[in-house]
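Readers should treat all values here as calculations from the given coordinates under stated rules, not as data from a laboratory. Bear in mind the structure is a predicted one, so any value in this text is a computation, not a measurement. We place every Cβ from the backbone using ideal geometry, glycine too, and count neighbours over all the protein chains shown.
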Amino acid sequence: MKPTNNICSILILTGMMLANQTIAQPTREEVYFLPSPITSDVRTDVKITPTDDNGLFIGESSGWYNPGGLIYKKSFVSKHWGASQTRIQVSNNIVAPDFKQYDNIKAVTKDAAGNLYAAGTYYYNDTYKDDAVLVKYSPSMVEQWKIYAFSSSGAPFQDDESIDVYAHGGSLHLLCYKGENGYNLIKYTDVGGLVFTLPITTYIPLKVKCNAAGEIYIFGYNIVGLNDVYITIQKLNTVGVQLWKKNFNAKPGNLMDNPGYFDVDAVGDVYFTSSSERVAGNQDAHLVKYSSTGTKLWAKYVAGTANTTDAAGKFCFDPSGNIYVAHTVTDINSGIQNTNIMIRKYSPTGAVLGTKYYRGSGNVDDEAVGIFYANNGRIYLGGLTRSTVKRSVMAQYDTGLNLEYTDIMLHPETASFPVTSQSTNAIDFIYDAPGNLLYWVGRQEAVYPIYLDYTSTYFILKYSIPTVPRIANFQNNIQLSIYPNPATDKLTIQSEENLTSVIIYDLQGRIVYQTGESDENSIDIDLHNFSPGTYITKITDNTGNSHTEKIIKL
């Protein structure tokens with residue numbers, strides 16, 4: 001006779017699991033590798049923005065190589081997911097591109113109507129050489145117009161390039177560099193008409209944004225002497241008249257303030273991060289706030305216990321105006337120096353409301369990639385854990401910074417001999433608020449003695465965000481990923497810790513799958529012999545933590 005106590009416990013567990021699953025959690029929907037382009041066309045950079053139809057608009061910089069290295073580059077735009085998926089060449093096809101055409105896409109954006117824009121460098125011809133270019137595409141990826149910002153044909157320097165672009169209120173704001181007169185902000189209408197050109201002469205601009213009223217903020221830096229780097233913010237009205245300009249030094253002197261991320265909140269106050277020296281050779285991660293009228297309100301910094309480089313990260317706002325910032329700090333952990341992700345929550349007045357660290361297993365390096373406040377009232381962190389293997393991290397927190405869920409994925413590096421080096425890097429962490437989607441973007445690179453064999457592959461982890469977040473289960477907080485779920489042929493279970501037991505039950509409480517002892521942190525389960533339906537899996541790691549999940553076989 002079947003042991004009734006086991007069946008009863010499994011049925012209770014099943015009922016709890018199915019009830020809990022009505023409160024959704026983030027789901028990794030897909031791991032997508034950008035399709036390989038043509039021979040010798042290797043993607044070297046991507047810039048990405050979400051589209052209005054739950055897709056991604058991607059600006060690509062692609063290189064052609066000979067055995068000695070890069071010989072020329074071209075630029076493309078592509079659409080992935082959503083409608084009208086395609087890849088379009090932006091670059092001009094010139095007769096002899098070798099060693100002179102080095103096109104790129106430096107920034108992409110989207111306007112309120114769903115139109116898409118790409119800004120970059122464009123080799124026009126042998127007379128005008130490199131131009132800064134801005135291209136508009138309809139939501140269906142049909143080119144609307146192409147505008148060039150360029151030096152005159154007789155100018156001694158013609159290395160023109162785009163830096164950033166921002167769309168707001170029917171206008172485009174292009175930061176660019178022109179060899180004959182330096183940095184400029186150019187404002188266009190959305191039909192390509194010129195509104196104004198403003199030279200930027202006292203600093204190097206990096207990013208441009210607008211507030212709700214259309215006033216313009218430019219974020220950049222300047223260099224004095226050899227090592228004195230300071231940050232500059234400039235505010236303009238809608239017609240390009242300066243309202244104020246401010247410089248920031250964490251500490252006066254021959255010290256460096258390296259710009260990080262910047263944004264403007266709902267009332268027009270300005271925030272930015274920087275990796276700034278207060279002591280030469282020791283950079284601390286800063287978060288700084290200026291009012292909409294240009295008054296510095298506060299500056300907060302964090303310093304890792306190693307007293308060396310702490311990298312400034314990105315931040316986000318919640319509806320109450322609180323700020324969540326994710327820095328990468330260098331600490332001493334159990335006598336070993338490595339980096340951790342520090343999340344800190346501040347009030348609008350700069351009061352510290354909470355601090356949490358993300359430390360991957362193995363006491364290795366962790367890197368913050370991005371952080372967002374989502375419409376469901378949760379905070380989402382993107383990160384990367386580096387050791388002999390690389391793992392992407394997507395974590396969900398409540399606004400009290402309590403960890404609720406973590407998805408961790410291993411990214412094997414499998415390039416074969418005679419590879420010189422190979423690496424996995426985090427590129428971006430992107431939030432599509434209307435679509436309730438998150439994207440973790442990475443790149444795997446393999447360098448060989450002969451550059452003709454060089455590979456650079458971009459991949460995207462796509463997550464759907466729950467409308468109602470998962471309830472935290474802190475007693476059994478095992479950092480785990482199960483994918484794909486639902487599944488057809490194979491299910492992968494992956495944990496930060498080694499898995500000691502995996503048991504799968506059907507809804508009648510019968511064990512249909514069970515592993516023995518294991519010293520691996522990942523397991524692949526063949527589902528061919530499983531009947532379609534719902535199952536419950538109980539997963540235990542080597543720390544003794546257990547976790548139960550619903551899985552579906554299609």
Inset, instruction - In square nanometres and to one decimal, what's the mean projected area of the convex hull around the Cα atoms of segment 99-161? - result: 4.7
Inset, instruction - Averaging sequence separations of C-alpha pairs under 8 Å and six or more residues apart, then dividing by the length of the chain, give the relative contact order as a whole percent. - result: 10
Inset, instruction - Can you tell me the 0 to 90 degree angle between the C-alpha axis of helix 4-21 and the longest principal axis of the chain, rounded to 10? - result: 20
Inset, instruction - Please state the charge dipole magnitude for segment 94-183, taken about the Cα centre, from unit charges on C-beta atoms (+1 on K and R, -1 on D and E), reported in debye and rounded to the nearest 20. - result: 260
Inset, instruction - In debye, nearest 20, what is the charge dipole magnitude of the chain about its Cα centre with +1 on Lys and Arg Cβ and -1 on Asp and Glu Cβ, if you could check? - result: 980
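I need the Kirkwood Rh of segment 157-253: take the reciprocal of the average 1/r across all distinct C-alpha pairs and report it in angstrom.
Values: mean 1/r = 0.0711 Å⁻¹.
The answer is 14.1 Å.
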Legend entry - At 1.306 mPa s and 10 °C, Stokes diffusion of segment 53-149 via Kirkwood alpha-carbon radius, µm² per second: 114
Legend entry - 99, 530 arranged by Cβ crowding within 10 Å, fewest neighbours leading: 99, 530
Legend entry - Among 421, 433, 408 - extreme Cα towards positive end, dipole of segment 378-439, charges at beta-carbon: 421
Legend entry - Signed unit charges on C-beta, dipole axis of the chain, positive-most listed residue 134, 124, 452: 134
Inset, instruction - Starting from the alpha-carbon convex hull of segment 346-420, give the projected area averaged over all orientations, in nm². - result: 6.8
Inset, instruction - Give me 244, 81 ranked fewest to most by other Cβ atoms within 10 Å of their Cβ, as a rough exposure proxy. - result: 244, 81
Legend entry - Distance histogram in 5 Å bins (all Cα pairs of segment 327-372, percent per bin): 5, 21, 25, 21, 14, 8, 4, 1
Legend entry - Inter-label distance, nm, simple model (7 Å from Cα along the C-beta direction), residue 227/residue 423: 2.5
Inset, instruction - Return the Cα extents of segment 386-510 along principal axes one, two and three, sorted largest first, each rounded to a whole Å. - result: 56, 39, 28
Legend entry - Cα-Cα P(r), segment 149-188, percent of pairs per 5 Å interval: 6, 27, 26, 18, 13, 7, 3, 0
Inset, instruction - Taking the Cβ of each residue in 440, 145 as the centre, tally the other Cβ atoms inside 10 Å and list the residues starting with the fewest. - result: 145, 440
Inset, instruction - Work out how far the C-alpha atoms of the chain reach from end to end along every principal axis, then list the three figures in whole Å, largest first. - result: 94, 55, 46
